[in-house]
1. Scan segment 178-219 residue by residue and report those that are in contact (Cβ under 8 Å) with a residue 40 or more places away in the chain and closer than 16 Å to Gly156 by Cβ.
2. Of everything in segment 157-184, what is surrounded by 17 or more Cβ atoms within 10 Å (Cβ to Cβ) and closer than 12 Å to Thr221 by Cβ? Give them in sequence order.
3. Against the condition in a strand (DSSP E or B), among the hydroxyl-bearing types (Ser, Thr, Tyr) and modelled with pLDDT of 85 or more, how does Thr167 come out, does it pass?
4. Could you tell me whether any residue of segment 147-156 is within 30 Å of Met209 (Cα to Cα) and β-branched (Val, Ile, Thr)?
5. Consider only pairs whose beta carbons are under 9 Å apart and that are at least six residues apart or on different chains; among these, list those whose first residue lies in segment 135-152 and is outside any loop (DSSP other than H, G, I, E, B) and whose second residue is among the basic types (Lys, Arg).
6. What number of residues within segment 193-210 are among the hydrophobic types (A, V, I, L, M, F, W, C) and not in a strand (DSSP E or B)?
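The values are calculated or read from the model by the stated rules, or taken from the named source; none is laboratory data. Just so you know, these numbers come straight off a predicted model, no measurement behind them. Cβ sites come from the backbone with ideal geometry, for glycine too, and all protein chains shown count toward neighbours.
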Amino acid sequence: MRPNHQRRRSTGLLGVVLVAQLLLLGFQVKTQSDVQLIRVWALGLVTPFARLTHWIHHVLTQSWDNYVWLVGARKENERLQRELTHLRLEVQRLRQELARAERAQALAMFRKLYPGQLIAARVIGRGPMHSSHVILIDRGTRDGLQRGMAVMTPAGLVGRVVACYSTAAQVLLITDANFAAGVVSQKHNVTGTLKGTGGVNCRVDYVQMEQVVEPGEWFYTSG
């Protein structure tokens, strides 16, 4: 046992002596650039770790920058989305204001054509069925409405009052299949009866064969 122990001690001592000699040599010997050899060795050992540390720092910094950029881009996107929503609402409001102004202007011109003969009303409801051709307006007998009165807009005839109450009235639209009214054409004075079809259009019946009606010609109620 002792020879092995002494051998290990001798080997360890020899290693220490060699390392000391190498260190001494490193301090004493210089390269052609007048740099101590120990510095060259030290840099050779430190350089790989320095490169690894720099690479890790670069990766972490780039990842953090990308994260910050993504967070900033998301916040900017959310801000732009809020602004876009606000602008859409503003455009919708302005369109409603323009439509309201146009309706008011058309109604004012319409009233000039029929002074003292009109009662303004608003649609407040429709029939129970989706395809119903009956509407409810917010004027009634106390406002001077009577059953059988025509209901018009600046664009033309809308329908006829079929039921009248104190504060409201039911109006049968001209598109209803039960609606009928006498009409005369604008250009050739052709007479006929306007009838609803139950859809979105109307037709003029009882036109004489020899009478001429041109495409696009207007018809007006004769009553």
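1. At the first step, the residues of segment 178-219 found to be in contact (Cβ under 8 Å) with a residue 40 or more places away in the chain are 179, 181-182, 196, 198.
Result: Phe179, Ala181, Gly182, Gly196.
2. Selection gives Leu157, Val158, Gly159, Arg160, Ile174, Phe179, Ala181, Val183.
3. Values: in a strand (DSSP E or B): no; among the hydroxyl-bearing types (Ser, Thr, Tyr): yes; modelled with pLDDT of 85 or more: yes.
Against the criterion (in a strand (DSSP E or B), among the hydroxyl-bearing types (Ser, Thr, Tyr) and modelled with pLDDT of 85 or more), Thr167 does not qualify.
4. No, every residue in segment 147-156 fails to be within 30 Å of Met209 (Cα to Cα) and β-branched (Val, Ile, Thr).
5. Ile135/Arg126; Leu136/Arg126; Ile137/Arg122; Ala150/Arg160; Val151/Arg160
6. Here is the first cut: in segment 193-210, the ones among the hydrophobic types (A, V, I, L, M, F, W, C) are 194, 200, 202, 204, 207, 209.
Those still in the list that are not in a strand (DSSP E or B) too: 200, 207, 209.
Summing the residues that are among the hydrophobic types (A, V, I, L, M, F, W, C) and not in a strand (DSSP E or B) in segment 193-210 gives 3.
Per-residue answers, yes or no, for (1) surrounded by 12 or more Cβ atoms within 10 Å (Cβ to Cβ); (2) among the aromatic types (Phe, Trp, Tyr); (3) under 35 Å from the mean Cα position of the chain (by Cα); (4) at pLDDT below 80:
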| position | (1), (2), (3), (4) |
| --- | --- |
| Glu90 | no, no, yes, no |
| Arg111 | yes, no, no, yes |
| Ser131 | no, no, yes, yes |
| Leu145 | yes, no, no, no |
